[in-house]
Amino acid sequence: MKKIVVIGGSKGIGKAIIESLIDDNEVINISRTDTLSPHNNFTHYSLDILTDDLPKIEAIDSLIYCPGSINLKPIARLKLEEFREDFEINVIGAVKAIQHFLPSLKNGSKPSILLFSTVAAKLGMPFHASVAAAKSAVEGLTKSLGAELAPTIRVNAIAPTVTDTELASKLLRNDRMIENISERHPLKKYLQPNEVADMATFLISEKAASISGQIFELDCGIVSFKI
């Protein structure tokens with residue numbers, strides 16, 4: 001049984017990841033709210049990743065950082081403070097978690113770190129300047145730490161396209177928008193949280209023991225995107 005720490009596991013992709021892991025692993029969730037059902041393998045800490053002290057855990061096998069943002073505005077309307085806020089939650093929070101739990105990971109068994117980017121970090125998407133900039137930093141962090149922490153700790157990231165979560169609800173708020181989003185992907189669909197969770201489960205498993213420093217795009221075949 002692995003010990004896995006999930007940051008931001010109360011909603012969306014993070015919640016789906018916990019639900020996919022909880023029966024066979026000891027899972028610790030760190031987020032501001034607890035929305036999961038009680039389980040013998042589950043522990044929750046109600047914390048704000050950016051402002052609160054993180055718990056001390058002697059040994060963990062995987063750290064998964066899920067918090068993110070979707071702040072879509074024209075560049076002329078984006079305030080510098082919004083760029084800072086997106087960078088804080090996507091990058092600084094991840095760095096804080098990694099630095100804090102690094103000794104715990106080194107005490108773990110075949111440890112790994114999993115971060116989250118977005119397809120917008122690679123594709124040119126209108127109105128994505130702030131989130132694309134922040135997630136591009138996450139991808140750089142993934143590649144750098146993949147090299148720095150090898151061979152002890154593996155580091156990878158998943159870059160999903162639009163996923164049916166509360167965070168993306170403004171993009172999927174009516175039938176017309178759902179149809180448009182689906183049609184813009186060659187596979188004529190967008191992602192469900194459990195599909196991302198399946199990739200996350202694979203990347204922290206021993207089946208991915210030779211994979212590190214990589215960004216895995218879950219893109220439903222998309223090669224370009226217009227809002």
*Just give me the residues in the range 128-164 being closer than 26 Å to residue 81 by Cβ and out of contact with any strand residue (DSSP E or B) (no Cβ under 9 Å at 6 or more places or on another chain), in sequence order.*
128, 129, 130, 131, 132, 133, 134, 136, 137, 140
*Name every residue in the range 183-217 that is of a type in the set (A, V, I, L, M, F, W, C), in a helix (DSSP H, G or I) and open to solvent by 50 Å² or more (accessible area, probe 1.4 Å), in order of residue number.*
202
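Scan 222, 215 and give me the residue that is of a type in the set (A, V, I, L, M, F, W, C) and more than 14 Å from the chain's Cα centre (by Cα).
So the residue among 222, 215 that is of a type in the set (A, V, I, L, M, F, W, C) and more than 14 Å from the chain's Cα centre (by Cα) is 222.
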*Going through the range 37-75 one residue at a time, which ones are surrounded by fewer than 18 Cβ atoms within 10 Å (Cβ to Cβ) and farther than 30 Å from residue 133 by Cα?*
37, 38, 39, 40, 41, 43, 56, 58, 59
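Would you pick out the residues in the range 56-101 that are aliphatic (A, V, I, L, M) and free of Cβ contacts under 8 Å to residues at least 24 places away in the same chain?
76, 80
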*Out of (1) under 17 Å from the mean Cα position of the chain (by Cα); (2) of a type outside the set (Gly, Ala, Ser); (3) closer than 24 Å to residue 199 by Cβ; (4) surrounded by fewer than 17 Cβ atoms within 10 Å (Cβ to Cβ), the odd one out for residue 91 is which?*
(4)
*Hey, among the residues in the range 165-188 that are without any contact (Cβ under 8 Å) to a residue 40 or more places away in the chain and among the charged types (D, E, K, R), which one's nearest to residue 84 (Cα to Cα)?*
173
*Looking at (1) under 29 Å from residue 152 (Cβ atoms); (2) open to solvent by 20 Å² or more (accessible area, probe 1.4 Å), which is the only condition residue 27 fails?*
(2)
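The values are calculated or read from the model by the stated rules, or taken from the named source; none is laboratory data. On a predicted model such as this, the values are computed, not experimentally measured, just so you know. As a convention, Cβ positions derive from the backbone with ideal geometry for all residues, glycine included, and neighbour counts pool all protein chains shown. Remember, those area values only see protein heavy atoms, side chains included, never the ligands or the DNA or RNA. Shrake-Rupley method; radii C 1.70, N 1.55, O 1.52, S 1.80 Å.
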